[in-house]
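The values are calculated or read from the model by the stated rules, or taken from the named source; none is laboratory data. Keep in mind that what you see is a predicted model, and the values were worked out from it rather than measured. Counting neighbours? That spans all protein chains shown, and the Cβs are built from the backbone with ideal geometry, glycine included.
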């Protein structure tokens, strides 16, 4: 089946364009006629090489789509009409193609959740499972609203974490680039002048000469080796579950970054658990799916251990405590929820608590990053100045 890029006129007389999968031109025209679009032009969409890669459906696309599904369904618009209209309202070809395929699957008799399952890598297992629950219980609008709010909250958390990391990443890159350029071009010229003056060289100057020589001799390796190590690390994580488990555990113990990651993941797990359990999914199934959301093999293993204990009849709070899924504070909150019958409320409280703690940590780290980087940069510049000016000062002192 080929992907066809088309332009046409819809039932409102508006010019529209998009991408639709079809076996041939005739099938393309028939599909468009069913959507009340008169075909004007079309061409096969090339899958050729692109530096940017194939367009992808973004998280923001899914959030926008979910909100629109919920609002239009609540207004009484049939789901098929919603999908048909939405596929012409998005600018992204990837979204248009996906919605066209979902529409085609549902037209062939598939349920909404079954059609979404073909794009499970885009929507996620939790999204598809909850939509299936919504279809069975008749509460699809409520579940879509919960999903949209959950995805929006996750997107805001990710954006905030990225924002904190962008500045230090840029400054660190600039500092490293400046140091390498100095060691390759500036320092050799200065050191040539200093050594020609004679005299005894101090430790700072000797260290600078050694560093400059190392950078000049191994400049290719300095760039290649870290890149190769990253690829080896990624490959090893894919090949070895034990190595992935250890590295994921280590990532949660990293200085500064680890506690933030841990709290963000705990908040995400608790929020997903609350949404799924509140929608009517059994607690073990909700917990099992939330382990995938965690995106961390260490936490996933601990959660699955807790699932096995719960299925064996052990209380939820005891299972969490023994499997070290949540810290003691969260376990106490869950215990109250379990005993009072308000587990979904307790989980939302856990999510709120760790969400707030993670954001507070980020807010504390953000203003501290700039002075730390300034000190590091000042240390490098000071070292170069002492290494260069020290011998010059000694020589002048000897002449006097």
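Per-structure values
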read-out	value
Output for segment 113-143, where each listed residue is under 17 Å from residue 81 (Cα atoms) and within 26 Å of the chain's Cα centre (by Cα)	113, 115, 116
Selected residue (only one of 186, 175 is more than 30 Å from residue 245 (Cβ to Cβ), assigned to a helix (DSSP H, G or I) and touching a helix residue (DSSP H, G or I) at 6+ places or on another chain (Cβ under 6 Å))	175
Selection status of residue 97, assigned to a loop (DSSP other than H, G, I, E, B), under 26 Å from the mean Cα position of the chain (by Cα), modelled with pLDDT under 85 and not assigned by TED's automatic domain parsing to the domain that holds residue 283	no
Among the residues listed as 170, 180, 102, the single one being within 28 Å of the chain's Cα centre (by Cα) and closer than 21 Å to residue 377 by Cβ	170
Residues being surrounded by fewer than 22 Cβ atoms within 10 Å (Cβ to Cβ), assigned to a helix (DSSP H, G or I) and in contact with a helix residue (DSSP H, G or I) (Cβ under 8 Å, 6 or more places away or on another chain) - total across segment 130-145	7
Residue among 123, 112, 67, 90 that is within 25 Å of residue 10 (Cβ to Cβ) and in contact (Cβ under 8 Å) with a residue 60 or more places away in the chain	67
Residue check for residue 187: in the same structural domain as residue 362 (by TED's automatic domain parsing), farther than 19 Å from residue 383 by Cβ and either surrounded by 11 or more Cβ atoms within 10 Å (Cβ to Cβ) or modelled with pLDDT under 75 (or both)	no
Residue that is crowded, with 19+ Cβ neighbours inside 10 Å and modelled with pLDDT under 90, where the choices are 302, 296	296
In segment 189-213, the residues that are touching a residue at least 24 places away in the same chain (Cβ under 8 Å) and within 22 Å of residue 173 (Cα to Cα)	208, 211, 212
2 or more residues closer than 30 Å to residue 388 by Cβ and touching a strand residue (DSSP E or B) at 6+ places or on another chain (Cβ under 8 Å): qualifying helices (runs of 4 or more DSSP H) within segment 192-252	none
Selection count, segment 208-239, where residues are more than 21 Å from the chain's Cα centre (by Cα), surrounded by 13 or more Cβ atoms within 10 Å (Cβ to Cβ) and over 18 Å from residue 178 (Cα atoms)	0
Check on residue 122, assigned to a helix (DSSP H, G or I), modelled with pLDDT of 85 or more, in contact with a helix residue (DSSP H, G or I) (Cβ under 6 Å, 6 or more places away or on another chain) and surrounded by 15 or more Cβ atoms within 10 Å (Cβ to Cβ)	no
